[in-house]
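What follows is a short report on a single structure.
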Amino acid sequence: MSTTDDLVDLQQLCARYMLLCSQFVEGRWLEVFTPDAVYTAFGTPYTLDRFPALLAAAPRGQFIGNMPVVEFDGDQATGKQHFVFVDQQTHAMRLGWYNDEYVRTREGWRIRSRSTTFMRKHGGFDSGVQHDPLAEGAQ
């Protein structure tokens, strides 16, 4: 497989993530990740078994992302994908990027880890106010 083919596959993988999150497609969201994947949201790491609850707790809205910038190392890669999230009810926006690790599997490229960095109005960057959206009583 060529580097161009790998780039197209990773672009499709990241686009599928955005589509599945925006449309809240239950069950299929997991298909973009490896079984040992870790997703870090607001400074809290989540394993694959907690992903469905994390998606269910997330606000509804539209994810719009660019193609990831990828660095290959054989059957592994790292990447950054900038995104805009627009809240469905308020149309408030969140700007940021994902810091990713990808791995080639028998099923194709998958995300092994993904964490979020937010771009703040004051010009800084951070991973958000640390909290667990799945904790008892979380909003």
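Express the relative contact order of segment 3-126 as a whole percentage, based on alpha carbon pairs under 8 Å and six or more residues apart in sequence.
Value for segment 3-126: 23 percent.
On a full-extension model of 0.36 nm per residue, what is the gain between D9 and M93, subtracting their alpha-carbon distance, rounded to one decimal in nm?
Fully extending the segment from D9 to M93 adds 27.5 nm.
Expressed as an acute angle from 0 to 90° and rounded to the nearest 10, what is the orientation of the C-alpha long axis of helix 3-22 relative to the principal long axis of the chain?
It is inclined by approximately 20 degrees.
Stretched out fully, how many nm does the piece from M1 to V86 gain, at 0.36 nm a residue minus the Cα gap?
27.0 nm
Rank A15, L95, V69 by how far each Cα sits towards the positive end of the charge dipole of segment 3-126 (+1 on Lys, Arg Cβ; -1 on Asp, Glu Cβ) and give me just the farthest.
L95
Taking the Cα centre of the chain as origin, sum charge times position over the Cβ atoms of Lys and Arg (+1) and Asp and Glu (-1), and report the length of that vector in debye to the nearest 20.
With only Lys, Arg, Asp and Glu charged at Cβ, the dipole is about 420 debye.
Given a Förster radius of 25 Å and the C-beta distance between R120 and L55 as r, what FRET efficiency does 1/(1 + (r/R0)^6) yield to the nearest 0.05?
0.55
None of the figures in this text is laboratory data; all of them are computed from the coordinates on show. Computed from a predicted model, the values in this text were never measured in an experiment. Methodologically, a virtual Cβ is constructed for each residue, glycine included, from the backbone with ideal geometry; neighbour enumeration extends over all protein chains shown.
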